[in-house]
Structure formats: structure tokens, C-alpha cells
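Student: I'd like to ask you about the structure that follows.
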Amino acid sequence: MKWIGIAAAILLIISCFLTWVTIGSKNIVISGVDATGTSFGKPGYFNLLMTFFFIVCTLLAKIWAKRINLLFTAMNLAWAIRNYFIVSACMGGECPEKHAGLYFVLVASLLMLASSLFPDIELPDGKRQG
């Protein structure tokens, strides 16, 4: 599961640079790192930060890293869901067009959480779990 999680983290990093939403009437394109012309700021930066911590904790072979990894992936998924509902919401009678990048962030965040739920841990008796 570790490698699936790292592949999902790479997918999340790539999808933060893809187009998430376009607002056709105002010619606004929103991605995870650029939401110029809106009040959304840069919504993908928190996902990128949590992904960095996820990768570090996944590669560490310590039990505390595996436990704190659950916190990072849960916060990452919560932020991805928040971005989905806030960035793609209809406002003022205009509904933006959603693109694949927004869905990739959600799927990658779910896969990262699943991989952190089943870490590859060496047990004290020498057996491997996961």
C-alpha cells in the first residue's frame, strides 16, 4: 500500500497544477495554485503541504510516523472536500464548469488515506503486517 499511496501523492501534486474549474462568463480559470480574479486564494497549497508530510511519514519506518500520517491524510481529504464544495459552488447565478483536476484531487486524497490506514509495519516478532 505504501507505493499506491506515493503514486496517489504524485497524482495529487500533478492535479494541483491542472485546471479545476472554469467560469465561462468571466473567463476565469481556477487551478489549485492559481485562482486569480477570485477570492479563493491558492486552494491547492495546503494539499501540497499535507502531501509533503504524507510522503515523509510514509517513507519513515517509525510507528509514530505511521500514526501521525493518519492526521495528515485526514486533513488533506477534508481540505480536498472543502475545495470541491467551495470552489465549484454556484454563486450569483453562475455555475462553474468542473474539470478533471478537481476530481483527481479527491480520488488521490482518498487513496492516500486508504494507504495510511494500512501501513507496512514490522512487528516486534519479526513478521511484517500490511
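The values are calculated or read from the model by the stated rules, or taken from the named source; none is laboratory data. Bear in mind that the values here come from a model prediction, so they are computed numbers and not experimental data. Positions of Cβ are generated from backbone atoms using ideal geometry, with glycine treated the same way; all protein chains shown enter the neighbour counts.
Student: Hey, any hits in the stretch 62-69 for a residue that's within 14 Å of the chain's Cα centre (by Cα) and surrounded by 14 or more Cβ atoms within 10 Å (Cβ to Cβ)? Lay out the reasoning, then the answer.
Tutor: Let us first name the residues in the stretch 62-69 that are within 14 Å of the chain's Cα centre (by Cα), namely 69.
Those left that are additionally surrounded by 14 or more Cβ atoms within 10 Å (Cβ to Cβ): 69.
Yes, the stretch 62-69 contains at least one residue that is within 14 Å of the chain's Cα centre (by Cα) and surrounded by 14 or more Cβ atoms within 10 Å (Cβ to Cβ).
Student: How about the stretch 42-63: which of its residues are in contact with a Phe, Trp or Tyr (Cβ under 9 Å, 6 or more places away or on another chain), part of a helix (DSSP H, G or I) and under 19 Å from residue 29 (Cβ atoms)?
Tutor: Across the stretch 42-63, the qualifying residues are 44, 47.
Student: For the stretch 86-103, enumerate the residues that are in a helix (DSSP H, G or I) and at pLDDT 90 or above.
Tutor: 100, 101, 102, 103
Student: A follow-up question, please. Tell me yes or no: at least one residue of the stretch 42-54 is at pLDDT below 90, surrounded by fewer than 16 Cβ atoms within 10 Å (Cβ to Cβ) and in contact with a strand residue (DSSP E or B) (Cβ under 8 Å, 6 or more places away or on another chain).
Tutor: Scanning the stretch 42-54, I find no residue that is at pLDDT below 90, surrounded by fewer than 16 Cβ atoms within 10 Å (Cβ to Cβ) and in contact with a strand residue (DSSP E or B) (Cβ under 8 Å, 6 or more places away or on another chain), so the answer is no.
Student: Of all residues in the stretch 11-41 being outside any helix (DSSP H, G or I) and small (Gly, Ala, Ser), which is surrounded by the fewest Cβ atoms within 10 Å (Cβ to Cβ)?
Tutor: Filtering the stretch 11-41 for residues that are outside any helix (DSSP H, G or I) and small (Gly, Ala, Ser), the one surrounded by the fewest Cβ atoms within 10 Å (Cβ to Cβ) comes out as 39.
Student: While we're on this one: Return yes or no: is residue 73 polar (S, T, N, Q), assigned to a helix (DSSP H, G or I) and modelled with pLDDT of 95 or more?
Tutor: Numbers: polar (S, T, N, Q): yes; assigned to a helix (DSSP H, G or I): yes; modelled with pLDDT of 95 or more: yes.
Yes, satisfied.
Student: OK, next. With touching a residue at least 40 places away in the same chain (Cβ under 8 Å) and within 12 Å of the chain's Cα centre (by Cα) as the only criterion, which of 52, 104 stands out?
Tutor: Just one listed residue meets the conditions, 104.
Student: Quick one: residue 83 ticks every box in (1) under 16 Å from the mean Cα position of the chain (by Cα); (2) at pLDDT 90 or above; (3) surrounded by 13 or more Cβ atoms within 10 Å (Cβ to Cβ); (4) of a type outside the set (Gly, Ala, Ser) except a single one, so which number is it?
Tutor: (2)
Student: So how many residues does the stretch 1-47 have that are farther than 21 Å from residue 107 by Cβ and of a type in the set (S, T, N, Q)?
Tutor: 5
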